[in-house]
Amino acid sequence: MTDIFKIAKETLKSEAQSVKDQLKHLDSNFEEAVSLIKNCKGHVVVVGLGKSGLVGRKISATMSSIGVPSVFLHISEGLHGDLGMIMSDDVVIMLSYSGETEEVKRIIPALIRMKVAIISMTGNPKAFAWKGINCIIDCSVEKEACPYNLAPTSSTTALLAMGDALALTVSNLKGFKKEHLAVLHPLGAIGKRLTMHVSDLMRKGKQNPVVKQNVAVEDALLVMTGTKIGAVSVVDDDGKIVGFFTDGDLRRRLSFDEKLLKKSITSVMTKYPKVITSEILAIEAAEVLKKYNIDNIPVINEDREPIGILDQGDLLVEGIA
C-alpha cells in the first residue's frame, strides 16, 4: 500500500510542478495569442492528434462554454478534406508537443496558404514546422511524470492548463459574465446553480407550515407533522412572521421540559428568524443555510408574510446544496 501512495504522490507532484512551471512561459507570444483570439471574427479551430488531440477537444469545449466560439479538428481528417471547415476569419490553435510529427509538417503549410492566423502550443518552440506561423506558446515541461519519461503525462497536463489560461483570459477580456454562462448552460448542475430561484423549489400552499402565535406547541407539532417538513413559521394576527420553530428545537427542549407541548409556541420559538425571499437564486439560499447551519428557512414576501419554506433536502435533490 505504501508503494501505491508513493507512486501516486510522485505523479501528482510532478504534474503540479509542470503546471507551475508554465508561469515562466507567459510572454509576448501568449499575449499575441490572446489578442488574435479576442479579435477573431470566426471560430477558434483547435487542431490536434493523439493525446494532444484529446487535450485539444477539451480546450475547444472549454472555450465554447465560456463565450469563445470554437470547434475541434483532427489533423488526419483535416488532411483528407476537412480543412474546408476553416474560414479566413478563423484562428487556428495547433497542439503538438513535439512539433515533429509528419501530420503537423504537412498541415501547417496548407494552413499558411489559407492565410489564417495560426497559434501553436508546443513543448518544442524551435521546431521547423512552426516557421511562418503567427505565434508560438511554449508549453514545455522538464520531464514526464512517467517513470520512463515517455508516456505523455506532465506534458498533456501542461497543455491543458495553458489552454485553460488562454481561454479564461480571452473570456474575461470579452466581458463574459455569470449571466452569459447561464444562457450557455441551461441544463445540468451548472445551469441549475445559475438559473434556479428559491421560488422554483420552495414548499408553498398546503405544504408551507404556518401557525398563529397563540397556539400551543402541540398544535404547532401537528402542523409540522402534517407537512413532513420538520419546521413551522409563526405569524401574528396580521399574518407577518414573528418566529420559527423546528423539530430540532423540539428535541432539544423535550429533554429537560416535560410540559413543553402545553406551552405557547411564542415561548419556545426562535424570534426574528433568518428569512429569505423567493427572488434570490437557490444557490444563494444554500449558502445561507450553510452559513447558519440550518436545515430549512422561511421564505417571505415584501410584507414579511411567510409564502413558503425552503428545505435543504430539496436543494440536495437538485444538486445545489
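Laid out as a table, the results:
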{"read-out": "Test for residue 117: is it within 26 Å of residue 24 (Cβ to Cβ), at pLDDT below 95, crowded, with 20+ Cβ neighbours inside 10 Å and within 34 Å of the chain's Cα centre (by Cα)", "value": "no"}
{"read-out": "Total residues in segment 20-47, condition crowded, with 20+ Cβ neighbours inside 10 Å and either under 21 Å from residue 143 (Cα atoms) or not assigned by TED's automatic domain parsing to the domain that holds residue 86 (or both)", "value": "1"}
{"read-out": "Flag for residue 315 being crowded, with 19+ Cβ neighbours inside 10 Å and either in contact with a Phe, Trp or Tyr (Cβ under 6 Å, 6 or more places away or on another chain) or touching a residue at least 12 places away in the same chain (Cβ under 8 Å) (or both)", "value": "yes"}
{"read-out": "Which listed residue, of 135, 146, is more than 24 Å from residue 68 (Cβ to Cβ) and more than 27 Å from the chain's Cα centre (by Cα)", "value": "146"}
{"read-out": "Inter-residue pairs, beta-carbon under 8 Å, first not assigned by TED's automatic domain parsing to the domain that holds residue 11 and in segment 129-153, second assigned to a loop (DSSP other than H, G, I, E, B), 6+ apart", "value": "none"}
{"read-out": "Checklist (1) surrounded by 16 or more Cβ atoms within 10 Å (Cβ to Cβ); (2) in contact with a strand residue (DSSP E or B) (Cβ under 8 Å, 6 or more places away or on another chain); (3) over 21 Å from residue 14 (Cα atoms) applied to residue 82, failing item", "value": "(1)"}
{"read-out": "Odd one out for residue 97, checked against (1) out of contact with any Ser or Thr (no Cβ under 7 Å at 6 or more places or on another chain); (2) touching a residue at least 40 places away in the same chain (Cβ under 8 Å)", "value": "(1)"}
{"read-out": "Given (1) in contact (Cβ under 8 Å) with a residue 60 or more places away in the chain; (2) surrounded by 13 or more Cβ atoms within 10 Å (Cβ to Cβ); (3) more than 13 Å from residue 245 (Cβ to Cβ), number of the condition residue 286 does not satisfy", "value": "(1)"}
{"read-out": "Where residue 299 falls short, out of the listed (1) within 23 Å of residue 237 (Cβ to Cβ); (2) free of Cβ contacts under 8 Å to residues at least 60 places away in the same chain; (3) surrounded by 13 or more Cβ atoms within 10 Å (Cβ to Cβ)", "value": "(2)"}
{"read-out": "Matching residues, segment 202-215, being of a type outside the set (S, T, N, Q) and buried (at least 17 other Cβ atoms within 10 Å of the Cβ)", "value": "202, 203, 209, 210, 211, 215"}
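Conditions tested, residue by residue: (1) under 17 Å from residue 163 (Cα atoms); (2) not hydroxyl-bearing (Ser, Thr, Tyr).
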{"residue": "13", "(1), (2)": "no, yes"}
{"residue": "17", "(1), (2)": "yes, yes"}
{"residue": "22", "(1), (2)": "yes, yes"}
{"residue": "65", "(1), (2)": "yes, no"}
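The values are calculated or read from the model by the stated rules, or taken from the named source; none is laboratory data. This structure is a prediction, so every number in the text was calculated from the model and none was measured. Here the Cβ is made from the backbone with ideal geometry for all residues, glycine too, and neighbour counts use every protein chain on show.
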